[in-house]
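Computed from the coordinates by the stated procedures, all read-outs in this text should not be read as laboratory data. As the structure is a computational prediction, the values presented were derived from the model and not from experiment. All Cβ positions, even for glycine, are placed from backbone atoms using ideal geometry, and neighbour counts span all protein chains on display.
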Amino acid sequence: MTERRTYTAELKRAVQLSPETRHLEFAIQGLERFDFIPGQFLSQLCTNTEGREITRAYSIASAPYNNSQFALCLNRVDDGFFSNFLCDMLEGETVRFHGPHGLFTLRDPLKDSIFICTETGVAPIRAFAQWLFAGPPRPQEREFWLVYGARCEQEMYYRDYFEQLAARYPNFRYLVTLSQDGEQWQGLQGHVEDHARTIIESLPPEKRQDVHAYICGLNQMIKTNRAMLMELGLPKKSIIYERYD
């Protein structure tokens with residue numbers, strides 16, 4: 001059995017997205033180019049205080065840059081050794097990993113697509129969007145919807161980026177819904193499945209057979225949305241998902 005290649009990546013930039021969430025940008029040491037497919041994940045490696053090696057998977061929150069860089073988006077978790085280790089990293093420090101891994105990737109041929117995610121489940125969706133709309137946009141003839149759920153405005157990660165995409169490209173629609181909206185919030189309320197349902201119901205039945213759905217988040221949210229989408233006529237094989245728990 002071939003041994004997995006392990007890389008070392010240096011933290012180049014860290015951005016605090018919320019009190020508990022960080023955006024981290026890394027460069028791989030000794031490598032000019034790191035190839036991966038948008039939507040894949042990396043397995044991060046670290047030795048804990050007991051001397052045991054811990055592995056945790058994190059979706060790549062960026063598209064390939066034609067260099068050795070990648071980004072992550074993650075939450076600090078109570079009693080979570082690895083998430084806290086990454087959230088406490090300082091620029092210039094390093095972490096080991098192997099990968100890329102995973103099959104949560106855009107299907108070929110590209111079809112009209114609805115992206116459904118909550119909170120840090122937006123990480124691979126950001127990678128999709130960067131790949132789709134970098135340079136000359138690849139999907140000019142396709143329609144895309146991003147339905148993003150958060151508890152509050154503070155947890156609307158990468159909001160400026162997605163709003164700019166929606167303003168620039170008429171075939172990309174960005175819908176945010178808050179489950180614990182404040183008094184100042186004038187946007188959508190409730191859960192992602194409610195607004196994803198509205199989008200799919202607006203399509204003629206024959207078109208629903210030709211739409212891809214990509215879902216990323218906690219298991220219960222994924223189950224609810226898969227059931228709803230199949231009820232409305234999307235084929236099971238057209239619903240691609242990645243769960244975080």
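Figures for the structure shown
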| quantity | calculated |
| --- | --- |
| Angle in degrees between helix 219-231 and the longest Cα principal axis of the chain, rounded to the nearest 10 | 30 degrees |
| Computed over the stretch 125-245, Kirkwood Rh from alpha-carbon pairs, angstrom | 15.3 Å |
| Neighbour cut-off at most 16 other Cβ (10 Å), DSSP loop, chymotrypsin sites (Phe, Trp or Tyr not before Pro), the stretch 121-198 | 185 |
| Computed [θ] at 222 nm, helices only, for the chain once each DSSP H run of length n ≥ 4 contributes -39500 (n - 2.57) | -6500 deg cm²/dmol |
| Under-5 Å amide H pairs with residue 151, H placed in peptide plane, nonlocal only | 179 |
| GluC sites (Glu not before Pro) restricted to the stretch 17-49 and DSSP loop, no more than 13 other C-beta within 10 Å | 32 |
| Sequence-distant residues sharing a close amide H with residue 17 (under 5 Å, placed H) | 22, 23 |
| Semi-axes of the equivalent ellipsoid for the chain, Cα gyration tensor, largest first, Å | 31, 21, 18 |
| Gap separating the Cα centres of the stretch 158-224 and the stretch 66-132, nearest whole Å | 19 Å |
| From phi via Karplus (6.51, -1.76, 1.60), per-residue ³J(HN,Hα) for the stretch 142-153 in Hz, x at Gly/Pro | 10, 9, 9, 10, 10, 9, 10, x, 9, 7, 8, 4 |
| Estimated distance in nm for a label pair at residue 54 and residue 219, the labels positioned 7 Å out from Cα along Cα-to-Cβ | 2.1 nm |
| Trypsin sites (Lys or Arg not before Pro) restricted to DSSP loop in the stretch 14-106 with at most 10 other C-beta within 10 Å | 52 |
| Nonlocal amide H pairs with residue 189, under 5 Å, H built at 1.01 Å | 178 |
| Dipole magnitude of the chain, debye to nearest 20 (Cβ charges: Lys/Arg +1, Asp/Glu -1, about Cα centre) | 740 debye |
